[in-house]
Structures are given as structure tokens and as C-alpha cells.
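Chemist: Below is a structure I'd like to ask you about.
Every number in this text was worked out from the coordinates using simple rules, so none of it is lab data. This structure is a prediction, so every number in the text was calculated from the model and none was measured. Cβ atoms come from the backbone with ideal geometry, glycine included; neighbour counts cover every protein chain shown.
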Amino acid sequence: MKYCQGPKCHEYKTKDRIRGSKGNKHYETRKNRLYYHDEFCSLMCQDDWFKMHGRRAVDHFGRIHEPKRIDASGAWYKRCKWISSDNYEHYFTNDLLGQTITITEQQYDDQNLTTPTT
């Protein structure tokens, strides 16, 4: 079984981290039970790891040096708005163009449809 990768996991004083028999008790790193990305037992441990290793990880895997951009033609996304019980409005919207186009529920559910057809 994997253990939490949080560098200070064993320092947090919680009852589930107590191990050992009477007179020989100690705090121990938690076993990982598929909580956070298979590596951490809590968001606090995940944050501890990122504070310690985050800069090196970003440098290793690729730091962004210029902003990424999406132009108006690629800025469409699907939205769903609740109207009343079992009644929804589905549509494409583009905030850059200020446009909204109504679509059917089937079009909304279609994962391959990413932009409105013209």
C-alpha cells in the first residue's frame, strides 16, 4: 500500500496517525486510501508537498513564459440553465463575441460537438 507523500504528514497530531503499543506510541504517515490524486491523504499534505517541490516540478515539466491565448473562434463553450422542474435550456455561448446560440439537449450531450454549426 502507498503512503501519503506529504512531507509533514507524520507531524499532524490526529488520532488516526497514532501507531504503536502502550508505552511506545508515535505519530506515523497515513496510508494512502485514494484520497487526493493517489498520492496524498489530504489537501493539507498535498499543499505541503507543493510548497516544498512545486517550483522544481514546474521548472522540470515546463514553465510558461508567455500567456496562452484563445481567439474568438475558439472561445465557444456549452452552458445549461435550469428553467423549471425537468426543463433546461441548453446553449453555446461565446463571451468574446457576446453571442449565445440555443441548442438541443442531444447537441449539448454530444462530446464531439465543440462549436456551433453555421
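Chemist: Given a Förster radius of 41 Å and the C-beta distance between residue 97 and residue 59 as r, what FRET efficiency does 1/(1 + (r/R0)^6) yield to the nearest 0.05? Don't skip to the end; give the middle numbers.
Modeler: Working: r = 37 Å, r/R0 = 0.90.
So the FRET efficiency works out to roughly 0.65.
Chemist: I would also like to ask the following. Roughly how big is the chain's charge dipole about its Cα centre, with Cβ charges of +1 (Lys, Arg) and -1 (Asp, Glu), in debye to the nearest 20? Numbers along the way, then the final one.
Modeler: Details: 20 positive and 16 negative charges, 252 e Å.
Computed about the Cα centre, the dipole is about 1220 debye.
Chemist: Suppose we flag trypsin sites (Lys or Arg not before Pro) only when DSSP calls them loop and at most 15 other Cβ atoms lie within 10 Å. Which is the longest uninterrupted stretch of the chain?
Modeler: Values: sites that count: 2, 8, 13, 22, 25, 33, 63, 68, 69.
The segment 70-118 is the longest one with no such site.
Chemist: With the crude spin-label approximation of a point 7 Å out along Cα→Cβ, what separation in nm comes out for residue 21 versus residue 42?
Modeler: 2.9
Chemist: Using Cα pairs under 8 angstrom and six or more residues apart, how large is the relative contact order of the chain, in percent?
Modeler: Numbers: 140 pairs, mean separation 19.5, N = 118.
Once normalised by length, the contact order is 17 percent.
Chemist: Ok, one more. Along the Cα→Cβ direction, 7 angstrom out, place labels at residue 14 and residue 105. What is the inter-label distance in nm?
Modeler: 4.1
Chemist: Could you tell me how many degrees, from 0 to 90 and to the nearest 10, lie between the Cα long axis of helix 43-61 and the main elongation axis, the longest principal axis, of the Cα atoms of the chain?
Modeler: Once rounded, the angle reads 70 degrees.
Chemist: Per residue of segment 21-31, what does 6.51 cos²θ - 1.76 cosθ + 1.60 with θ = phi - 60° give for ³J(HN,Hα)? Whole Hz please, x for Gly and Pro, Karplus curve as stated.
Modeler: With the stated coefficients, segment 21-31 comes to 8, 3, x, 9, 7, 7, 8, 9, 4, 5, 6 Hz.
Chemist: OK, next. Can you list residues whose amide H is under 5 Å from residue 3's amide H, if they're 5+ apart or on another chain and H is modeled 1.01 Å from N?
Modeler: HN-HN under 5 Å from residue 3: 32.
Chemist: Compute the whole-percent fraction of alpha carbon pairs in the chain spaced more than 22 Å apart. Walk me through the numbers on the way to the answer.
Modeler: Numbers: 4341 of 6903 pairs.
That fraction is 63 percent.
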